[in-house]
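The values are calculated or read from the model by the stated rules, or taken from the named source; none is laboratory data. Please read these numbers as outputs of a predicted model, since none were measured by experiment. Methodologically, a virtual Cβ is constructed for each residue, glycine included, from the backbone with ideal geometry; neighbour enumeration extends over all protein chains shown. Side chains are part of the model used for accessible areas, which takes the heavy atoms of the whole protein and leaves out ligands, DNA and RNA. Shrake-Rupley method; radii C 1.70, N 1.55, O 1.52, S 1.80 Å.
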Amino acid sequence: MSASTSRSRVLPGFGLSLGCTLVYLSLLILLPLSGLAFKASHLSLAEFWAIASGERALASYRVTFGASLLAATANAFFGLIVAWILVRYSFPGKRAIDALVDLPFALPTAVAGITLATLYAGNGWIGRHLESLGVKVAFTPLGIVVALTFIGLPFVVRTLQPVIEDIEPEVEEAAASLGASRLQTFSRVLLPAIFPALVTGFTLALSRSIGEYGSVIFIAGNLPLISEITPLLIISKLEQYDVVGATALAMVMLMISFVMLLVVNGLQWWAASRHRGDGPSDGEVR
Amino acid sequence: MSIEIRAISKRFGGFVALDDINLQIPTGELVALLGPSGCGKTTLLRIIAGMESADAGQVLFAGEEATHVHARDRNVGFVFQHYALFRHMSVFENVAFGLRVKPRKVRPSAAEIRQRVNDLLKLVQLDWLADRYPSQLSGGQRQRIALARALAVEPRVLLLDEPFGALDTRVRKELRRWLRRLHDEMHISSVFVTHDQEEALEVADRVVVMNRGRIEQIGSPDEVYSNPASPFVYQFLGNVNVFHSRVHGEWADVGRAGGGPEGEATAYVRPHDIEIEHRPVVGSLEATVQEVHPIGPLVRVELAHASELIEVELTRERATVLALAEGQQVWLKPRQVRVFAAPSAAMEEGGSGI
């Protein structure tokens, strides 16, 4: 940062804070990840490909990313409803419910996994009834989706709440007075305003789900090719002292996640910038 | 279309927002609901629009019962104080919204919608902003777009909730005149809420003065200003000097009809209805000049009588002739006095009405 640019800014400390940001991010994120890439580079391309595209590995990608997408989608839908109700309506016990939303953040994931596994197992409170309907949840890929939905919910709710608070109720009244039905008001007025935040919440829930390990292994059953997630595969490789193999899988996950996040961020940026002007006009009123 | 309000009441918990309101608004009239904040004027407007439901009473549109008709079926245009434009839509789409959400059978074709929206944008003189977004507009522009949006569905009634409240004085004056012209061109009934007496008196055909959930007076702007029905209306519409009979004996007795000698009375005199004289005349009040402020075309003189402040407004010519100096002894003579019997604390302080 040259002296001239820093002098032209009204807010001081740009150079210092940018420096802090770069050092912090480098130490915490970039350095470990480069270490990972460095370790993986010990493999030749053919070896890397052999590990990354093994049958078990491919199945685990499908389970991990498939279950994460499903869970994040479910959370986007129900999280929107929860956030809406928490912002727009007042009812007894609202604060308790609001606090409840944060629990998945705080609860050790293993506890969540064990609890869910007990509930959804064939003899559990919920599993018992589902099983009589022919639906098996615990120890199947469906169980993975349940666990990931549990841990992802707060991300959607907490991202949406401030945005919904920001929408004036008057906007809905305006739409009604112009003859719009409730459905039209939602799809044409409310959803477009919420959409960027919904995508953000979805992305956060998705990222969290992809990396989730603790809660999933208790409910998944962990059958190779069926209900084995990639993080578990990485751990089992590590336990066999196959560090290089583990890093190869990690690299694959890293790359897929990175591309997915890039796409979702691009979508979100597009949605947000569609209705953002170049700033206020010259203020002329004529 | 005419609007009739019959015995409307509304409470919010223990607070009485509207108490037995009766009002008739004939077709084509521009009516102002005027009152201090919390007097119930916005609640009444929202009940007319169907955004709030009344606890009791009826709303009739053109003689037809509309009390339980949903807001979207009332065909009412509503303009909000803070515009409530759809942020993610361009100006064009905002105005087109009411047309686009119509059921397929009655929805105009895309070309018709384009034509209608462009006409409306021309009407509000903002057709060059069609592709902008609300965040790129100034306050006055936003409010005109909000008005165009409300007019797009050809409402039978136009309701405006403090439409110019968030704008600066110059823009407000301009929009006021413009609203008046627009109303006359559109041949609809309009009701607007304001707490600004100048706005109400300038724009409206009729002014409804409200206070604490009741209507104090209904009348033409001239009527409510020059012939206020209650001390509240007197005080709310413009400045006024209040004289109590125990302090300013003779003055308050002027125009008092009967009443025992111990009955207290209060006289209301507008600052521009007081004449200043250099020598005593019959029925005049002695006062000392405290301060002389020339304000624009007027000169405001503050005088003291028995430690109470009296405000007088003079034209510049009159002030030049009088050549008032601070500390000077003068005599005041009222041109027009209005006396109300027993000054009730409730009227002045807004306490309980017992």
Filter result for the condition that a residue is out of contact with any Ser or Thr (no Cβ under 8 Å at 6 or more places or on another chain), surrounded by fewer than 16 Cβ atoms within 10 Å (Cβ to Cβ) and part of a helix (DSSP H, G or I), over A:E173, A:E165: A:E165
Of all residues being within 14 Å of chain A (Cβ to nearest Cβ) and in contact (Cβ under 8 Å) with a residue 60 or more places away in the chain in the range B:35-45, which is least open to solvent (accessible area, probe 1.4 Å)? Just the residue, please. B:L45
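The rows are residues; the columns are (1) touching a Leu at 6+ places or on another chain (Cβ under 8 Å); (2) open to solvent by less than 20 Å² (accessible area, probe 1.4 Å); (3) facing another protein chain (nearest Cβ under 10 Å); (4) assigned to a loop (DSSP other than H, G, I, E, B).
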position	(1), (2), (3), (4)
B:L99	no, yes, yes, no
B:K102	no, no, yes, yes
B:K105	no, no, no, yes
B:A111	no, no, no, no
B:R114	no, no, no, no
B:V117	yes, yes, no, no
B:Q125	no, no, yes, yes
B:W128	no, no, no, no
B:R132	no, no, yes, yes
In the range B:152-163, how many are in contact with a helix residue (DSSP H, G or I) (Cβ under 7 Å, 6 or more places away or on another chain) and either facing another protein chain (nearest Cβ under 8 Å) or modelled with pLDDT of 90 or more (or both)? 5
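Anything in the range B:46-87 that is acidic (D, E) and part of a loop (DSSP other than H, G, I, E, B)? List them, or say none.
Residues of the range B:46-87 that are acidic (D, E), as a first pass: B:52, B:55, B:64-65, B:73.
Across the range B:46-87, the qualifying residues are B:E52, B:D55.
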Per the list (1) outside any helix (DSSP H, G or I); (2) open to solvent by 70 Å² or more (accessible area, probe 1.4 Å); (3) of a type outside the set (D, E, K, R), residue check on B:L158 breaks on (2)
Residues of the range B:62-97 being among the hydroxyl-bearing types (S, T, Y) and facing chain A (nearest Cβ under 9 Å), in sequence order, are B:Y83, B:S90
Test B:I48 against the criterion of being within 14 Å of chain A (Cβ to nearest Cβ) and within 15 Å of B:I3 (Cβ to Cβ), and give yes or no. yes
Just checking, does the range A:172-186 include any residue being more than 14 Å from chain B (Cβ to nearest Cβ) and out of contact with any strand residue (DSSP E or B) (no Cβ under 6 Å at 6 or more places or on another chain)? no
Open to solvent by 30 Å² or more (accessible area, probe 1.4 Å) and at pLDDT 90 or above: is that true of A:V157 in this structure? no
